[in-house]
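What follows is a single structure, written as structure tokens, with notes after it.
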Amino acid sequence: MEREKSESSVAANLSDDPEDVEGSIETDDQILTLKDKLRLIFGIHWRGIVSLVVPLILVPIQLSFPPEKYQWCAYTLVVMAVFWVTECIPLAVTSFLPLVIFPLTGIMSTATTCACYMNDTIMMYLGSMWLAYAVEQSGLHLRLALCAIRWVGYSHYKLLFAMSFITMFISMWITNTAATSMMVPINFALLKVFEDQNLMKIYDTVNGENVASDITTCYFCAATYSATIGGVGTLVGTATNLVFKGLFSKLYPEAPEYLSFPKFSAFAIPYMLIMEFCVYLYLVILYFGFLRPNSAAARNTEMPPEGIEAAKKVVAERYKALGGITFWEILVIVLFSFAILLFFSRSPQMFTGWGDAMQDYYKIKDKKFIQDSAAATLVVFLMLLLPYSLRFFDNCKAKEHGDLPENSIPSVLNWRQVNDVMPYSFMFLLGGGFALSEAAKKEYTDLNGQIGLILKNFKSLPNYLIILFVILFTIFITNFASNVAVCNVITPIAMQLAKEINNNPLWYNIAAGFSSSYAFCLPVGTPGNLVVQSAANIPTSKMVKAGIGPTVTTTIVSWLFICFWAPVVWPDLKMLPDWIQ
């Protein structure tokens, strides 16, 4: 209200007496000082100010004149990092800067820079999104969620367990935001049943405003946290996984395919399950009074038989409303399973995969000639080709013209609907990071080498301590900025650090890459957090309280798994490989 009055006061004075604008502006309501005006201007136009001032402030990065190529690359990197963190302009627009700066400064040609914006990793990202949208359009994910809840049980402990783990599982295959959004109506339906039974309140009234109660906060935060953790379980679970795989492949093209689908999942699935269990344990201790039987939280979550029956009735009604499993859902299950089978069997390294066999048949020596994006695109093509129902065959049984269907039969994946909601901007976000990584190579600017001269100071520290530092730093930063942007900036630096202190870059790549997903404390950290905060009106202070535990447990589990489980999955981690050069 004060802001509206201030702005109206400025407008009134501008129209009546322009000379008064330079001094303090007096109205019937208040006096607007120069400090107030500056605060208003910065509050409204801060994005434009940051966009203009930051590139000027960072000019000293280019110490020599004319600037060296690595200085131009460093300048571009820092400007993009600041723009990505502050989001002063859209993330995708920031990602276009290499297309402008690199050709004009002689770093890379336009063709070479543009090639970074379309490659196997980006096509794999698009393929995984298309597969995920097929699941969403068919409604299969809702059936899976309701089936899990019916199977596990209806007490608060069982419901939270079912909701958390099914969200985690679904998020392994579709976007984290979609998995979180799926659980919002289900959570509200269940909590409304408990509220009708006077077992809890969905909202508390604070200063005249309805805010989420502790139990509501628990259920909704569990949804977004489980989606975040589920995203690290497979290579296609979240965009950051494809980012750090793509950055590693871009920087070390001669390296073996360490981050293949089977190898990635062999490491990530046990890692994901342990993290999810720790998050669940923290939430039930904090909100349900587990191990604290005499606490207020334990008393508030006691579930009488009538409450359980009411919850069971709601879930049964929602499941009944879905009807029987449709031909559409069956086709999605078959095609999606076919895609996963192709991912795992392309080049499993335990036996000859279909990709290996095709390369042998055509006598192709390049082990990376066929990638997972080929399999993903094949299955998506089939989804766009096949009809979603058996009504298609009514054409064959028709005896008269009136028996023929009047409309075309939609495909398993509806392209028009996908086109409306597909986040294509993330392609450019990935491409911007790949362009930076390519430009930092020795043959272009050798920015990596210049950064390495600084990072050599860490050589005296123990390896496990440095990995912990990388994890802590990445998790801290990713709570304030886009996960993909953080991964694009920090992962190449972490790999260069590993190279300078004579460690395997893959080790630090996965440390920074996985850690860039874990934004639990703040709503701005990931879209899933924003979804639950806006849906349930969760105060930021409550989200921070709920997120501290997952942040701590995730940091510890990540450090243990990356230090001790990763070398089991990738035995080469403890060696200094030849391809590092």
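General observations
- Shape call, the stretch 447-486: gyration tensor on alpha carbons, a/c limit 1.5: oblate
- In the stretch 352-492, the inverse of the mean reciprocal separation of distinct Cα atoms equals 21.1 Å; this is its Kirkwood hydrodynamic radius.
- Area accessible to solvent at ARG292, 1.4 Å probe radius, in Å²: 90
- Cα shape, the stretch 225-374, gyration tensor, a/c 1.5 rule: oblate
- 1.4 Å probe accessible area per residue over the stretch 448-511, in Å²: 37
- Annotation note: GluC sites (Glu not before Pro) in the stretch 183-262 located in DSSP loop regions with a Cβ neighbour count of at most 12 within 10 Å are GLU254.
- With all protein chains in place and ligands, DNA and RNA left out, the 1.4 Å accessible area ranks TRP415, TRP579, TRP72, TRP570 as TRP415, TRP72, TRP579, TRP570, largest first.
- Judged by the mean number of other Cβ atoms found within 10 Å, the most tightly packed of the peptides 483-494, 368-379 leads the ranking 483-494, 368-379.
- Mean-position separation - Cα centroids, the stretch 499-561 and the stretch 450-485, in angstrom: 15
- Per residue, the accessible area of the stretch 100-198 comes to 34 Å² when a 1.4 Å probe rolls over the protein heavy atoms.
- Rounded percent of accessible protein surface that carbon and sulfur make up, the chain, 1.4 Å probe: 64
- For peptides 44-56, 304-316, sequence by mean Cβ density within 10 Å, most packed first: 304-316, 44-56
- Of the labelled figures (1) 249; (2) 239; (3) 207, only one reflects volume of the Cα convex hull per residue in Å³ as derived from the coordinates, namely (2).
The values are calculated or read from the model by the stated rules, or taken from the named source; none is laboratory data. Not measured: the values here are computed from a predicted model. Positions of Cβ are backbone-derived with ideal geometry, glycine not excepted, and every protein chain shown enters the neighbour counts. What goes into the accessible areas is simple: the full protein's heavy atoms, side chains included, and nothing from ligands, DNA or RNA. Shrake-Rupley method; radii C 1.70, N 1.55, O 1.52, S 1.80 Å.
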